[in-house]
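Asks: Before I ask anything, here is the structure I am working with.
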Amino acid sequence: MPEELSLRAWQVRLPAAASKTARHLEIAAGAALAGGRAALAHYASDELVVRDKNAAGTPVAGPKAENPVTLADHASNDAILEFLRSRSAYPVLSEESSRPSDIYPGARLWVVDPLDGTKEFIARNGEFSVMVGLAEHEGSVLGAVYQPAVDRLYLGLAAGGAWVVDAPLCNGVAAPLHLTGVTAQPLRFIRSRSHPDPALTELESRIGPVEVVISGSVGIKCARIARGEADLYVHPVPYLKEWDTCAPEAVLRGAGGRVTDCAGAPLRYGKPDAVQKHGIFCGSPDVHERVGPIVRQVARGLFSC
């Protein structure tokens, strides 16, 4: 596969006036695929070294790491940074790199999670992704979410347009993603495999009958909503970061979904502090509007400000 990817080869139809946007989406896709290939080189290793970011980098047994990082995280990060820096002068905000000094509110910047779902990577269940987003004027503009274990790539333009590409490494064809507006009954509530939260149990009881869908990775959760496989994702926690949400937001919004924080405010990027302090709340527009008051009530007591 050539390093310089062609969206035309995937039959993505973008407005002619959006040629610069198309080029940026192409770069995001290429960077995500480069990171995914680098991560997969470690996926089947019997000697995967897991370190805990909260324990001064000391090697630990995988299941014991509260905030794990592996060689795959760093290999993916290095590949993504090399790809982006050879094609773009925009600063890169990445989970596994120091924050650049030229990031400020409103700046155009790449927002990167080299391995979203490290615990799922360690468990080898395939539910991890590589995410590359572009933000400008504090908002998500576009994003690529790549699921290396199944060779599936999601692309999104927040202003409108989302696609899924099966087998992008074999030049697969892109299929458009559109939310239909038809909500399943009961509501399909997608939740984390690795981060259970008592607040979600309360939320479920207040929403009414729900079908719980379990998945790793913020990117995969949002992509599954965009594909119509789930209706609602809520994570009312104060520790999500901008790299957790930028690319997934673009994919889901591009498919016609809505994405805010749990207080109902837009997610912002390029802030002095990368924390998304009110978590994430997303779904189809009708679900987002209907469930929004309940989400805000449940989340209100969880945040200090």
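The values are calculated or read from the model by the stated rules, or taken from the named source; none is laboratory data. Worth saying up front: this structure is predicted, and the values here are computed from it rather than measured. Positions of Cβ are backbone-derived with ideal geometry, glycine not excepted, and every protein chain shown enters the neighbour counts.
Asks: Tell me, please, whether a residue that is within 16 Å of the chain's Cα centre (by Cα) and more than 16 Å from Val145 (Cα to Cα) can be found in the range 169-189.
Replies: no
Asks: Oh, and also: Can you list residue pairs whose Cβ atoms sit under 6 Å apart, with the first residue in the range 94-111 being assigned by TED's automatic domain parsing to the domain that holds Thr21 and under 26 Å from Lys53 (Cα atoms) and the second being acidic (Asp, Glu) and surrounded by 21 or more Cβ atoms within 10 Å (Cβ to Cβ)? Count only pairs 6 or more apart in sequence or on different chains.
Replies: Final answer for the pair search is Glu95/Asp113; Glu96/Asp73; Val111/Glu242.
Asks: Select from the range 137-152 the residues that are assigned to a helix (DSSP H, G or I) and of a type in the set (Val, Ile, Thr) and list them in ascending order. Steps first, answer last, please.
Replies: We begin by selecting, within the range 137-152, every residue assigned to a helix (DSSP H, G or I); these are 148-150.
Across the range 137-152, the qualifying residue is only Val150.
Asks: A further question on this structure: So, in the range 64-107, how many residues would count as being closer than 13 Å to Thr118 by Cβ and in a loop (DSSP other than H, G, I, E, B)? Working first, answer last.
Replies: As a first pass, look at the range 64-107 and keep what is closer than 13 Å to Thr118 by Cβ: 65-77, 95-96.
Of the ones still in play, those that are also in a loop (DSSP other than H, G, I, E, B) are 65-67, 95-96.
Here the count works out to 5.
Asks: So is Leu252 closer than 22 Å to Gly139 by Cα and assigned to a helix (DSSP H, G or I) or not?
Replies: Working: closer than 22 Å to Gly139 by Cα: yes; assigned to a helix (DSSP H, G or I): yes.
Against the criterion (closer than 22 Å to Gly139 by Cα and assigned to a helix (DSSP H, G or I)), Leu252 qualifies.
Asks: Further question on the same structure: Test Gly160 against the stated conditions and say whether it is among the small types (Gly, Ala, Ser) and in contact (Cβ under 8 Å) with a residue 24 or more places away in the chain. Lay out the reasoning, then the answer.
Replies: On the way: among the small types (Gly, Ala, Ser): yes; in contact (Cβ under 8 Å) with a residue 24 or more places away in the chain: yes.
It is true that Gly160 is among the small types (Gly, Ala, Ser) and in contact (Cβ under 8 Å) with a residue 24 or more places away in the chain.
Asks: Are any residues in the range 109-136 part of a loop (DSSP other than H, G, I, E, B) and either within 20 Å of Gly161 (Cα to Cα) or of a type in the set (Phe, Trp, Tyr) (or both), and if so, which ones?
Replies: Going through the range 109-136, the residues part of a loop (DSSP other than H, G, I, E, B) turn out to be 117, 124-128.
Hit for the range 109-136 is Phe128, nothing else.
Asks: Let me ask you something else. For the range 152-210, which positions are more than 23 Å from Ala135 (Cα to Cα) and in contact with a Pro (Cβ under 6 Å, 6 or more places away or on another chain)?
Replies: Within the range 152-210, Pro186, Ala199, Pro209, Val210 meet the criteria.
Yes/no per residue for (1) surrounded by fewer than 16 Cβ atoms within 10 Å (Cβ to Cβ); (2) over 27 Å from Val111 (Cα atoms); (3) assigned by TED's automatic domain parsing to the domain that holds Pro105:
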| residue | (1), (2), (3) |
| --- | --- |
| Ser192 | no, no, no |
| Glu202 | yes, yes, no |
| Ser215 | no, no, no |
| Lys221 | no, no, no |
| Ala226 | no, no, no |
| Asp231 | no, no, no |
| Tyr239 | yes, no, no |
| Trp243 | no, no, no |
| Val251 | no, no, no |
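Asks: Could you tell me how many of the residues in the range 211-232 are under 17 Å from Gly133 (Cβ atoms) and modelled with pLDDT of 95 or more? Give the steps one after another, and end with the answer.
Replies: Filtering the range 211-232 for residues under 17 Å from Gly133 (Cβ atoms) gives 217-223, 225-226.
Filter once more, keeping what is modelled with pLDDT of 95 or more: 218-223, 225-226.
Residues meeting the conditions: 8.
Asks: Continuing with this model, one more query. Kindly indicate which of Ala299, Ala274, Ala265 is aliphatic (A, V, I, L, M), over 18 Å from Glu229 (Cβ atoms) and without any contact (Cβ under 8 Å) to a residue 60 or more places away in the chain. Break it down into steps so the answer makes sense when it comes.
Replies: Values: Ala299 fails: without any contact (Cβ under 8 Å) to a residue 60 or more places away in the chain; Ala274 fails: without any contact (Cβ under 8 Å) to a residue 60 or more places away in the chain.
Result: Ala265 is the single residue among Ala299, Ala274, Ala265 that is aliphatic (A, V, I, L, M), over 18 Å from Glu229 (Cβ atoms) and without any contact (Cβ under 8 Å) to a residue 60 or more places away in the chain.
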